[in-house]
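The values are calculated or read from the model by the stated rules, or taken from the named source; none is laboratory data. This is a predicted model, so every value here is computed, not measured. Note: ideal-geometry Cβ built from the backbone for every residue, glycine included; neighbour counts use all protein chains shown.
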Amino acid sequence: MIFDIIASIGGLIIPPAFSFIKKKFIKSENDTPERTIGDLATTKPEVVPGYVQALATLLDAKVKFFNRDVIGSPSQWVVDLRAAIRPIGVVLSFVLLGYMVYEAQTAVELATETWTGVRLSCECMITSWFGSRFTISK
């Protein structure tokens, strides 16, 4: 029972706390391409076209590297399936937890002994999904 409470509270608190700590204490980088272009435009305007061309080439290389396993654009059902994987896992976790409650009413020893790891995994999956929806602002 205590592991259930720890898993549930941890799944709800850890994602927003991590996001808050990351926003609060890890400073974002101040050097952006737009800022560099602005500095170059005021100090050395003759190098701006070369910088923009190099930046475009870098961005194109990053996009090609990111899409290296995808030839062309993926079909819509693939995009939808990728977007639905985590919500489907959460729904199946709810279904499994419901089945465990049903089973606990009929055979207590089977429900408490056999399903402990599965129950904790389902609770962690559900609470981490809900926890990632909470945001803590500065």
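Among the residues of the stretch 17-40, just one is in contact with a helix residue (DSSP H, G or I) (Cβ under 6 Å, 6 or more places away or on another chain) and at pLDDT 80 or above, namely Leu40.
Just the residues that are closer than 30 Å to Phe130 by Cα, without any contact (Cβ under 8 Å) to a residue 60 or more places away in the chain and among the hydroxyl-bearing types (Ser, Thr, Tyr), please, taken from the stretch 17-64. Listed by number, the list holds a single entry, Ser28.
Among the conditions (1) surrounded by 10 or more Cβ atoms within 10 Å (Cβ to Cβ); (2) at pLDDT below 85, Gly89 misses just one, which is (2). Checked against (1) modelled with pLDDT of 85 or more; (2) of a type in the set (D, E, K, R); (3) under 29 Å from Pro16 (Cα atoms); (4) over 17 Å from the mean Cα position of the chain (by Cα), Glu123 passes all but a single condition, namely (1). For the stretch 27-61, filtering for residues that are surrounded by 10 or more Cβ atoms within 10 Å (Cβ to Cβ) and among the hydroxyl-bearing types (Ser, Thr, Tyr) leaves 4.
Scanning the stretch 1-26 for residues that are over 15 Å from Ile126 (Cβ atoms) and among the small types (Gly, Ala, Ser), which turns out surrounded by the fewest Cβ atoms within 10 Å (Cβ to Cβ)? The residue in question is Ala17.
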